[in-house]
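The values are calculated or read from the model by the stated rules, or taken from the named source; none is laboratory data. None of the values given here were measured: they were computed from a predicted structure. Quick reminder, even Gly has a Cβ in these numbers, built from the backbone with ideal geometry, and neighbours come from all protein chains shown.
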């Protein structure tokens, strides 16, 4: 995969944003993204009708490694 292809993949999924913006989104104090990717797909982080979904709204997100909700993964480890 070329460097350009990697950069495009990251931008299409919201990873190209500045760190303070991503942190604010993760907390839930900044609105999340809706991106129309160059591949024709539209991606949203929050459910339809909501712009704020973060840890303060009790949404811990999904693990890109385990392909499951972070909350359920932590629950099995510490539960």
- Task: Among what's in segment 25-35 and is more than 21 Å from residue 63 (Cβ to Cβ) and at pLDDT 85 or above, pick the residue that is farthest from the chain's Cα centre (by Cα).
- Result: 29
- For segment 26-50, name all the residues that are surrounded by fewer than 13 Cβ atoms within 10 Å (Cβ to Cβ) and touching a strand residue (DSSP E or B) at 6+ places or on another chain (Cβ under 9 Å). 36, 41, 42
- Query: Taking segment 1-23, which residues are under 19 Å from residue 56 (Cβ atoms) and free of Cβ contacts under 8 Å to residues at least 12 places away in the same chain?
  - Reply: 19, 20, 21, 22, 23
- Query: Say we look at segment 56-70 and pick out the residues that are exposed (fewer than 14 other Cβ atoms within 10 Å of the Cβ) and not in a loop (DSSP other than H, G, I, E, B); which of these is modelled with the lowest pLDDT?
  - Reply: 57
